[in-house]
Amino acid sequence: MARSELGITVMPEYAQSEGVEAVLHNLADVAGATSLTTSPYVAAQSAPGTGHREPPGDGGLGHKRLLDRPLWGNRELWLTAAPSFRPDPALYDGLAYRPPAADALTDGQGAVVGQFVEAARDRGLEVWMQIQAAIPPCYRVQFGGPLPGDESLLPDGRPRTGRVDRNASLAAPDVRAYVRAITRDLCQTYPQIDGLKYDWPEYPVYHFDALFFDFNPAMAPHAKALGLDLAGVARGTQDFLADLGNGAVRRKAIALDDAGAFGESLIAAYPVLGELLALRRAVVTDFARFLRETVDEASGGRCKLFLHAFPPPLNIATGLCPASVAPHCDAMGVKFYTMHWPLLEAEYLEALQQRTDFAPGDIARALSRILALSPDEPRQPDAIRYPEPDEPHPAPSEAIAAKIAQARREAGQVPVWGMSHGYGPTEDVMRRFRALGEGPVQMNRYCYLSDEKLAALGARPA
């Protein structure tokens, strides 16, 4: 019996550093991978503080992370990047966003990505090209962001600065125009790829404030289609936030036992929040429709479409409903990047401490029960922290299994990949991998997959 599908995300700098054949040997021969995901750029080492740090800082909390697989001999370093190809300028004529210009790094190293794709296909691996769904220029999250006017906005009309993600408003026409152009450019440049993966085709909720996006004026037609007045929804959302701050929410019958009861009781007390969720779900679903149309047009119907998503119940807030987007994609991936889970809990805890007079321990317990990202037991707020490289992640296997099972049920016939992370000790990485069950799994990222972890993946049972 064949082993279940296993994909591994490999950033191009590893094809540059280790060599194409060495990487593919580790993926196919050692780990038994069936697919590869990469991105359309190449990188070079830079002076500390120049470019971006690898591994990423995760909002300042991830600096304790080190690469399991050294990159040009280093377990942490700074990189600059350039497109791996020369963008077709005609595709971007008149657009507000343009891709970074190809440079000497492109000319010297860019061909590696095409060689990587070709060699992977020759080995029988399925090959995906991954870009950001709404962070122009879309090559990687650290490389861009929206222009003024295209940001996701809070109900008072402000953007939220200092975000882990830099997603634009999914309704912004200029962002969509650029995504259409870059998708066509990639399909022209890499006709060998099997499909495109879009990261964060939703409203990421790494920050408490981000739960209350999106009041960008471009959302008005989507609100109108639902019979909603965008300004009215904004006022109602601000009223809720005021009640949260002045203690009036205490007089509402809000259940804190689990996500379902919490959501129902909260919307019963504040119907406008149900309207906001419906609006986010509508624009995310429309964005999925737009991506389907874009990929079909750019590839002549040849390429598949893969959408990334937050796990339940967070996806309710991000707007990505598996049942709603399933008709528009060929596969979905649910992220189980569990070192981020305490980061998210800690951010919500801090925000609620600032806005309310609830005891921190009570907030922490309620977050654990509602989000199911951590064990349902009393925890001191200062114990909610980013895990060290040698620490197991505080993500119960039962919660991981329940979340992926729910997403797969809701998506129906569309394959749902559990997207696990290689950060952490080998035993815990494999525990989290096994919790995702018998369906397909995508491991993110190769840079955290030591030889020991690759061998453990390769020894997985049929």
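The values are calculated or read from the model by the stated rules, or taken from the named source; none is laboratory data. Since the model is a prediction, treat every value here as computed from it, not as a measurement. Backbone-built Cβ (ideal geometry, glycine too); neighbour counts: all protein chains shown.
Since ILE316 meets every condition but one in (1) under 17 Å from MET129 (Cβ atoms); (2) free of Cβ contacts under 8 Å to residues at least 60 places away in the same chain; (3) not in a loop (DSSP other than H, G, I, E, B), which condition does it not meet?
Result: ILE316 fails condition (1) only.
Can you name the condition, by its number, that LEU279 falls short on among (1) in a helix (DSSP H, G or I); (2) surrounded by fewer than 22 Cβ atoms within 10 Å (Cβ to Cβ)?
(2)
Could you check region 340-424 for helices (runs of 4 or more DSSP H) lying wholly inside it with 1 or more residues that are in contact with a strand residue (DSSP E or B) (Cβ under 6 Å, 6 or more places away or on another chain)?
On the way: elements: 340-355, 360-371, 397-411.
Those helices (runs of 4 or more DSSP H) span 397-411.
So which pairs qualify, if the first residue must be in region 93-104 and closer than 16 Å to ALA134 by Cβ, the second must be assigned to a loop (DSSP other than H, G, I, E, B), the Cβ gap must be under 7 Å, and the two must be at least 6 apart or on different chains?
As it stands, the answer is ALA96/LEU147; TYR97/PRO136; TYR97/PRO137; PRO99/PRO87; PRO99/PRO137, since those pairs meet every condition given.
Within region 69-85, is even one residue farther than 25 Å from SER450 by Cβ, of a type outside the set (A, V, I, L, M), touching a helix residue (DSSP H, G or I) at 6+ places or on another chain (Cβ under 6 Å) and part of a strand (DSSP E or B)? Let's see the steps before the verdict.
Quick first cut of region 69-85, residues farther than 25 Å from SER450 by Cβ only: 80, 82-85.
Keeping just the survivors that are of a type outside the set (A, V, I, L, M) gives 80, 83-85.
Next, from what is left, pick out any that are touching a helix residue (DSSP H, G or I) at 6+ places or on another chain (Cβ under 6 Å): 83-85.
Narrowing the set further to residues that are part of a strand (DSSP E or B) leaves 83.
Yes; the residues of region 69-85 include at least one that is farther than 25 Å from SER450 by Cβ, of a type outside the set (A, V, I, L, M), touching a helix residue (DSSP H, G or I) at 6+ places or on another chain (Cβ under 6 Å) and part of a strand (DSSP E or B).
Would you be able to say whether some residue in region 76-95 is of a type in the set (Phe, Trp, Tyr) and under 29 Å from LEU307 (Cβ atoms)?
yes
Restricting to region 438-458, and then to whatever is part of a loop (DSSP other than H, G, I, E, B) and at pLDDT below 95, can you tell me which residue is surrounded by the most Cβ atoms within 10 Å (Cβ to Cβ)?
We begin by selecting, within region 438-458, every residue part of a loop (DSSP other than H, G, I, E, B); these are 438-440, 445, 449-450.
Right, trim to at pLDDT below 95 and you get 438-439, 445.
Values: GLU438: 7, GLY439: 15, ARG445: 21.
Restricting to residues being part of a loop (DSSP other than H, G, I, E, B) and at pLDDT below 95, the top hit is ARG445.
What is the number of the single condition among (1) at negative phi; (2) out of contact with any Lys or Arg (no Cβ under 7 Å at 6 or more places or on another chain) that GLY49 does not meet?
Unmet for GLY49, out of (1) at negative phi; (2) out of contact with any Lys or Arg (no Cβ under 7 Å at 6 or more places or on another chain): (1).
Residues checked against (1) aliphatic (A, V, I, L, M); (2) touching a residue at least 24 places away in the same chain (Cβ under 8 Å); (3) touching a Ser or Thr at 6+ places or on another chain (Cβ under 9 Å):
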residue	(1), (2), (3)
GLN109	no, yes, yes
ASP122	no, no, no
TRP128	no, yes, yes
ILE135	yes, yes, no
ASP150	no, yes, yes
PRO155	no, yes, yes
THR189	no, yes, yes
GLY195	no, yes, yes
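Confirm whether ALA298 is in contact (Cβ under 8 Å) with a residue 24 or more places away in the chain and within 26 Å of ASP214 (Cα to Cα).
Values: in contact (Cβ under 8 Å) with a residue 24 or more places away in the chain: yes; within 26 Å of ASP214 (Cα to Cα): no.
Criteria not met by ALA298.
Would you please list the contacts, defined by Cβ atoms under 6 Å and residues six or more apart or on different chains, that run from a residue in region 66-84 that is touching a residue at least 40 places away in the same chain (Cβ under 8 Å) to a residue that is aliphatic (A, V, I, L, M) and surrounded by fewer than 20 Cβ atoms within 10 Å (Cβ to Cβ)?
ALA82/LEU105; PRO83/ALA102
Tell me which residues, restricted to region 164-196, are more than 21 Å from TRP128 (Cβ to Cβ), surrounded by fewer than 24 Cβ atoms within 10 Å (Cβ to Cβ) and of a type outside the set (Gly, Ala, Ser).
Once the filter is applied, which keeps residues that are more than 21 Å from TRP128 (Cβ to Cβ), surrounded by fewer than 24 Cβ atoms within 10 Å (Cβ to Cβ) and of a type outside the set (Gly, Ala, Ser), region 164-196 yields VAL164, ARG166, PRO173, ASP174, ARG176.
Taking region 69-92 only, how many residues are of a type in the set (Asp, Glu) and modelled with pLDDT of 95 or more? Before the answer, list the steps.
So in region 69-92, the residues of a type in the set (Asp, Glu) come out as 76, 88.
Okay, now just the ones that are also modelled with pLDDT of 95 or more, so 88.
Number of matching residues: 1.
Restricting region 364-419 to residues that are β-branched (Val, Ile, Thr) and modelled with pLDDT of 95 or more, which is nearest to LYS197 (Cα to Cα)? Please lay out each step first, then the result.
As a first pass, look at region 364-419 and keep what is β-branched (Val, Ile, Thr): 370, 384, 400, 404, 414, 416.
Among the residues that remain, those that are also modelled with pLDDT of 95 or more are: 370, 400, 404, 414, 416.
Values: ILE370: 29, ILE400: 22, ILE404: 19, VAL414: 15, VAL416: 13 Å.
Only one residue fits best here, namely VAL416.
I'd like to check something: does region 3-20 contain any residue that is more than 21 Å from PRO136 (Cα to Cα), in a helix (DSSP H, G or I) and more than 25 Å from the chain's Cα centre (by Cα)?
Yes, region 3-20 has at least one match.
Report, by residue number, each residue of region 224-253 that is part of a loop (DSSP other than H, G, I, E, B) and at pLDDT below 95.
Let us first name the residues in region 224-253 that are part of a loop (DSSP other than H, G, I, E, B), namely 226-229, 247, 252-253.
Result: GLY247, LYS252, ALA253.
Could you check region 69-125 and list, in sequence order, the residues that are among the aromatic types (Phe, Trp, Tyr) and under 14 Å from THR189 (Cα atoms)? Break it down into steps so the answer makes sense when it comes.
Of the residues in region 69-125, the ones among the aromatic types (Phe, Trp, Tyr) are 72, 78, 85, 92, 97, 116.
Result: PHE85, PHE116.
Within region 114-123, does at least one residue satisfy the condition of being outside any helix (DSSP H, G or I) and either among the aromatic types (Phe, Trp, Tyr) or out of contact with any strand residue (DSSP E or B) (no Cβ under 6 Å at 6 or more places or on another chain) (or both)?
If we filter region 114-123 for residues that are outside any helix (DSSP H, G or I), which is where we start, we get 123.
Then drop every residue that is not either among the aromatic types (Phe, Trp, Tyr) or out of contact with any strand residue (DSSP E or B) (no Cβ under 6 Å at 6 or more places or on another chain) (or both), which leaves 123.
Scanning region 114-123 turns up at least one residue that is outside any helix (DSSP H, G or I) and either among the aromatic types (Phe, Trp, Tyr) or out of contact with any strand residue (DSSP E or B) (no Cβ under 6 Å at 6 or more places or on another chain) (or both).
For region 319-339, what are the residues that are part of a helix (DSSP H, G or I) and either among the hydrophobic types (A, V, I, L, M, F, W, C) or under 25 Å from PHE212 (Cβ atoms) (or both)?
The first filter runs over region 319-339 and keeps only residues part of a helix (DSSP H, G or I), leaving 322-328.
Those that are part of a helix (DSSP H, G or I) and either among the hydrophobic types (A, V, I, L, M, F, W, C) or under 25 Å from PHE212 (Cβ atoms) (or both): PRO322, ALA323, SER324, VAL325, ALA326.
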